[in-house]
Structures are given as C-alpha cells and as structure tokens.
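The values are calculated or read from the model by the stated rules, or taken from the named source; none is laboratory data. Here the structure is a predicted model, which is why all the values come from computation and not from measurement. Ligands, DNA and RNA are excluded from the accessible area calculation, which covers all protein heavy atoms including side chains. Shrake-Rupley method; radii C 1.70, N 1.55, O 1.52, S 1.80 Å.
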Amino acid sequence: MKTSTALKTSTGNTTEIAIPIYDIAITALDGSEIDLSDFEGKYMLFVNVASKCGFTPQYRELQKLSDRYADRLVVIGSPCNQFGKQEPGDSSEIQSFCERNYGVSFPITEKIDVKGTKQHPLYTWLTSKRLNGKKSSSVKWNFQKYLVSPEGKLVDYYLSFTKPLSSKITKHL
C-alpha cells in the first residue's frame, strides 16, 4: 500500500507527491476489500469508531446521515482500540454490536490504528498535508471525522464532539 511516490526534483532533492485516496487499500470487517474508487464522485466521511465510548451513540446519527445523503455520501467507520481501549471486540463482535444496537448499514473497516507507528495508510493520508494537500492533523479521540470531496480532496476534519448531522458537515453535502 503506497501512499506517496518519491520524486527527484531538478535540484537533486527528493520530495513526496501524494497519490489519490482512491488508491489506498483497506479491508472490511468481513475480510473483503473496500475499494475506495467505488465511491469516486461521492463525499466520503471517515470516522474512527469504538463500541465502548461516550460518543458511541453517534452511530445512530452517522446512520441517519448515511441514509439522508445516500445519493452523494458514503460514511465509512474504522474501529480503533487506541483511545482508552474502547474497541476491544473482534470483527464479528463489532459487526454484531453495530447492527444490533444502531442498525448500521454503512461500511465498517477492519480494526486499524489511526495514529502512531502502525497508523493505517488511510489515516496517514487523512492526517498528512503532504499527502492530502490541505492540512495536517492528529486524531485526538474516537469519533473524529474526516470529510473527503467527490473529487478525492480533503474538505476538513471535525473533532469528536461535532455531531454527524452538524451543519459544519452537512453544509458541504
């Protein structure tokens, strides 16, 4: 999974150039591949999720957002156990929890790291200005959101307390 390519400049320096977000591979909870290029032409809202967090009820609003804007948005949840160990479950437990408690039907990825030395390439792209071309950030807690435009450009990110149906997000849709 490459997230950038080295390019030698005319001065002999090496620089990184971004690749499209659509070229980043990520696996779904069921083990199948999620092909982000399937969502080209739609907004994508990436959210690092957890089952045992104070923000977990946001699953309900994430599903409403997904349903309301289904023609132009895909919500993608990425379970993460890096914040307070609030996502201890395995893939089947996570899937069952999401469906049973919140009726989640939007794509959920495998459990990943969203920060640190084992950060998934998707989150490296989302949090690195040199890759996304917009801004650098760090994931502070569960349910932080990253909105990507239909053209594959980072629009912005939103901290956990920003509700999924907030006008900060929906004004772009």
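Backbone geometry of segment 53-68 corresponds, through the Karplus equation with coefficients 6.51, -1.76 and 1.60 at θ = phi - 60°, to 3J(HN,Hα) couplings of 10, x, 8, 3, x, 4, 3, 4, 5, 4, 5, 4, 4, 4, 5, 5 Hz, x marking Gly and Pro. Take the chain with all the other protein chains still there, run a 1.4 Å probe, and you get 49 Å² of accessible area per residue.
In terms of the Cα gyration tensor, with a ≥ b ≥ c the square roots of its eigenvalues, is segment 34-123 rounded because a/c is under 1.5, prolate because a/b exceeds b/c, or oblate?
Values: a/c = 1.92, a/b = 1.20, b/c = 1.59.
Oblate shape, in that a/c is at least 1.5 and b/c is the bigger or equal ratio.
Estimated at the nearest 10 Å², the accessible area of Asp23 is 100 Å² with a 1.4 Å probe. What fraction of the Cα pairs in the chain, stated in percent, has a spacing above 31 angstrom? Tail fraction, whole percent: 12.
Give me the percent relative contact order of segment 56-121, please, defined on Cα pairs under 8 angstrom at least 6 residues apart. Don't skip to the end; give the middle numbers.
Details: 62 pairs, mean separation 26.8, N = 66.
Value for segment 56-121: 41 percent.
Over 20 Å apart at the Cα level, from the set Lys129/Lys153; Lys64/Lys134; Lys135/Lys168; Lys111/Lys135; Lys118/Lys140, are Lys64/Lys134; Lys111/Lys135.
Over the chain, DSSP H runs of length four or greater, each weighted -39,500 (n - 2.57), average out per residue to a 222 nm ellipticity of -5500 deg cm²/dmol. Scattering from segment 71-151 was approximated by placing one identical point on each alpha carbon and applying the Debye formula without solvent; log10 I(q)/I(0) at 0.11, 0.19, 0.24, 0.26 1/Å stands at -0.33, -0.93, -1.29, -1.39.
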